[in-house]
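Before any comments, here is the structure.
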Amino acid sequence: MAKYRIFDRFGFNLSKTEKITKTLPQFLEDYQEWFFNPKESDWKCSYQDQLLTKFQAPPELVSLLNFNIDTTLE
């Protein structure tokens, strides 16, 4: 069996990924004062300009959503 490879890797090499930073959860006591703002893709406080998650969508996701979803459907 010396000439035969029994186990060998296959597939492809993954690219290096950047580290994901973990954020602590934010507990809301008065959740009715928050509304979803689709322009910012985040929950916004009604009496302050405070965002809940500060989510920044990657450009690939924004492009996918803008060019591949038909918004004219009823």
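The values are calculated or read from the model by the stated rules, or taken from the named source; none is laboratory data. Keep in mind it's a predicted model, so treat the numbers as computed, not measured. With ideal geometry, Cβ positions are generated from the backbone for all residues, glycine too; neighbour counts draw on all protein chains shown. Protein only, heavy atoms only, side chains kept; ligands, DNA and RNA dropped before computing areas. Shrake-Rupley method; radii C 1.70, N 1.55, O 1.52, S 1.80 Å.
Has the range 3-11 got at least one residue that is without any contact (Cβ under 8 Å) to a residue 60 or more places away in the chain, closer than 30 Å to N66 by Cβ and aromatic (F, W, Y)?
We begin by selecting, within the range 3-11, every residue without any contact (Cβ under 8 Å) to a residue 60 or more places away in the chain; these are 3-11.
Those left that are additionally closer than 30 Å to N66 by Cβ: none.
The answer is no, given that none of the residues of the range 3-11 is without any contact (Cβ under 8 Å) to a residue 60 or more places away in the chain, closer than 30 Å to N66 by Cβ and aromatic (F, W, Y).
Count, please, the residues in the range 56-71 that happen to be part of a loop (DSSP other than H, G, I, E, B) and β-branched (V, I, T). Let's see the steps before the verdict.
So in the range 56-71, the residues part of a loop (DSSP other than H, G, I, E, B) come out as 56-58, 69-71.
Applying the additional criterion that residues be β-branched (V, I, T) yields 69, 71.
Looking only at that region, the number is 2.
Look through the range 60-73, keep the residues that are open to solvent by 100 Å² or more (accessible area, probe 1.4 Å) and not polar (S, T, N, Q), and return whichever of them is nearest to the chain's Cα centre (by Cα). Before the answer, list the steps.
So the first thing to find is which residues in the range 60-73 are open to solvent by 100 Å² or more (accessible area, probe 1.4 Å), and the list is 60, 66-68, 71-73.
Imposing the further condition that a residue be not polar (S, T, N, Q) reduces the set to 60, 67, 73.
Details: E60: 11, F67: 18, L73: 25 Å.
Looking at the filtered set, the residue picked out is E60.
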> Here are E40, E29, E33: which of them is farther than 27 Å from N66 by Cβ, open to solvent by less than 80 Å² (accessible area, probe 1.4 Å) and out of contact with any Lys or Arg (no Cβ under 9 Å at 6 or more places or on another chain)?
Replying inline: E33
>> All but one of (1) open to solvent by 90 Å² or more (accessible area, probe 1.4 Å); (2) in contact with a strand residue (DSSP E or B) (Cβ under 7 Å, 6 or more places away or on another chain); (3) in a loop (DSSP other than H, G, I, E, B) hold for T17; state the number of the condition that does not hold.
In response: (2)
